[in-house]
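I have placed the structure first, in the form of structure tokens, so that the comments after it can refer back to it.
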Amino acid sequence: MPQTTASAQDRLSDTYAPRPDRFDRAGQDQLVDVRDLHAALPGIHRLRNWAHDALALRPGEHAVDIGSGTGSEVMAFADAVGPTGAAVGVEPDPHLLASAERRAEQAGSRAKFHSGDAYGLPFGADSFDAALCERVFQHLTAPARAAAEIARVLRPGGRAVVVDVDWGTAIVHPGDRSVVREVIDTLVAATTNPFSGRRLPGLLTTAGLVIDDIGSHALVQDRTVGAGALVQRISAMAVARGAIGEAQRDALLADLAGGAENGDIHLSVTMFAVLARKPE
């Protein structure tokens with residue numbers, strides 16, 4: 001696997017930052033963050049490459065990124081569809097939207113950006129040949145509405161890739177199994193739509209799309225960092241909600257620190273990507 005320089009890693013951290021919870025103001029504040037998995041970025045990068053290959057954009061097509069953040073994927077779309085096509089991003093956060101517009105202008109990209117959210121895309125029906133929606137569904141209280149919006153804006157024969165994490169797949173090792181279970185249950189409770197990864201095929205099928213493929217990648221934390229920020233924070237929440245005691249938390253963190261020293265440690269979560277198409 002190619003190594004990533006410090007400056008490149010900073011750019012990746014910005015590019016791959018999780019989408020804001022403002023996609024659904026009724027949802028809980030998002031308290032889990034895949035940036036805490038320090039080795040997660042290469043895995044996300046591989047899954048994004050899979051998504052681009054699956055969408056297989058062609059010159060002249062129209063593509064949309066729902067939850068476009070700082071606009072990196074929209075600019076890649078713009079390069080793929082060329083001057084006869086269209087690449088647009090939809091983003092509810094005005095700061096990210098402004099950043100995306102600045103980046104596109106500086107890069108001389110034809111990418112365009114619109115304010116909007118996953119529940120109400122500002123486009124007519126049958127507008128796009130391809131759609132991408134990454135790490136949005138875990139923030140939604142009504143993900144079926146978002147799936148229906150994706151189906152609505154796709155043209156017949158159009159394809160979509162929807163990507164999200166499934167926090168029910170989290171692994172924390174070593175540690176007392178009952179304590180680990182309570183910590184993971186706390187993580188799940190802290191997420192608006194924690195099992196979004198496994199639900200994507202069903203949601204998209206119900207919206208009228210056909211599932212063509214499913215990809216996945218485990219996001220694995222750097223083995224040298226011990227518990228890491230995510231487990232530190234979630235285990236503290238587990239203590240606060242009375243699920244475990246402070247002594248149990250201390251023992252878990254000590255086990256993970258020891259595992260980092262002797263190599264017997266594994267912390268990960270799985271992200272899924274679903275390729276779907278709208279019947280012609």
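So if I take the centroid of the Cα atoms in segment 239-259 and the same for segment 220-237, what is the distance between those two points in Å?
Here the answer is 11 Å between Cα centres.
Spin-label point model (7 Å from Cα, Cβ direction): what's the ARG198 to GLU246 distance in nm?
3.5 nm
With contacts defined as alpha carbon pairs under 8 Å and 6 or more residues apart, what's the relative contact order of the chain in percent? Present the calculation step by step, with values, prior to reporting the outcome.
On the way: 572 pairs, mean separation 63.0, N = 280.
This gives 22 percent for the chain.
Between the helical axis of 177-189 and the dominant principal axis of the chain, each derived from Cα atoms, what acute angle in degrees is found, rounded to the nearest 10?
With both axes taken from Cα atoms, the answer is about 30 degrees.
Going by amide H atoms built from the backbone, whose H comes under 5 Å of the H on SER216, apart from near neighbours?
ALA273
Just by accessible area at a 1.4 angstrom probe, what is the order of TRP167, TRP50 from largest to smallest? Intermediate results must be reported in sequence, preceding the final value.
On the way: TRP167 5, TRP50 65 Å².
Listed by decreasing accessible area, they come as TRP50, TRP167.
Whole percent per 10 Å bin, from 0 to the bin with the longest distance: what is P(r) over all C-alpha pairs of segment 122-233?
Computed distribution, short to long bins: 13, 38, 27, 16, 7, 0.
Using the heavy atoms of the protein chains and a 1.4 angstrom probe, tell me the accessible area per residue for segment 107-216 in square angstrom. Numbers along the way, then the final one.
Numbers: 4090 Å² over 110 residues.
Heavy-atom accessible area per residue stands at 37 Å².
Applying 1/(1 + (r/R0)^6) with R0 = 41 Å to the Cβ-Cβ distance of ARG181 and SER115, what FRET efficiency is obtained, to the nearest 0.05? Write out the running numbers ahead of the final one.
On the way: r = 41 Å, r/R0 = 1.01.
Between ARG181 and SER115 the formula returns 0.50.
Pull out a ≥ b ≥ c, the square roots of the eigenvalues of the alpha-carbon gyration tensor of segment 230-280, then state rounded if a/c is under 1.5, prolate if not and a/b is larger than b/c, and oblate in the remaining case.
oblate
Just the Kirkwood number for the chain, please: inverse of mean 1/r across all distinct Cα pairs, in Å, one decimal. Working shown, then result.
Details: mean 1/r = 0.0514 Å⁻¹.
Across the chain, the inverse of the average 1/r is 19.5 Å.
Amide H neighbours of GLY116 under 5 Å, at least 5 residues apart or on other chains, H built in the peptide plane: list them.
GLU91
Can you tell me the orientation of helix 143-153 relative to the chain, as the angle in degrees between its alpha-carbon axis and the longest Cα principal axis, to the nearest 10?
The angle comes out near 20 degrees.
Rounded, prolate or oblate: which fits segment 40-193 when a ≥ b ≥ c are the square roots of the eigenvalues of the alpha-carbon gyration tensor, with rounded for a/c under 1.5 and prolate only if a/b beats b/c?
Numbers: a/c = 2.07, a/b = 1.86, b/c = 1.11.
Because a/c hits 1.5 or more and a/b exceeds b/c, segment 40-193 counts as prolate.
With a cut-off of 11 Å, note down the residues of segment 154-195 whose backbone N falls inside the zone around a label point 7 Å from the Cα of ASP264 toward its beta carbon.
Taking a point 7 Å out along Cα→Cβ of ASP264, the residues of segment 154-195 whose backbone N falls under 11 Å are 174-175.
Restricting attention to segment 204-275, which trypsin sites (Lys or Arg not before Pro) occupy a DSSP loop and are surrounded by at most 11 other Cβ atoms within 10 Å? Walk me through the intermediate numbers first.
Values: sites: ARG223, ARG233, ARG241, ARG249; in loops: ARG241.
Counting only loop positions with at most 11 other Cβ atoms within 10 Å, none of the trypsin sites (Lys or Arg not before Pro) in segment 204-275 qualifies.
Helix-derived [θ] at 222 nm for the chain: sum -39500 (n - 2.57) over DSSP H runs of at least 4, divide by residue count, nearest 500? Before the final figure, lay out the partial values.
Values: 9 runs with 115 residues, N = 280.
So the helix-based figure for the chain works out to -13000 deg cm²/dmol.
The values are calculated or read from the model by the stated rules, or taken from the named source; none is laboratory data. Computed from a prediction, not measured in an experiment: that's the story for all the values here. Methodologically, a virtual Cβ is constructed for each residue, glycine included, from the backbone with ideal geometry; neighbour enumeration extends over all protein chains shown. The accessibility values were calculated without ligands, DNA or RNA, using every heavy atom of the protein model including side chains. Shrake-Rupley method; radii C 1.70, N 1.55, O 1.52, S 1.80 Å.
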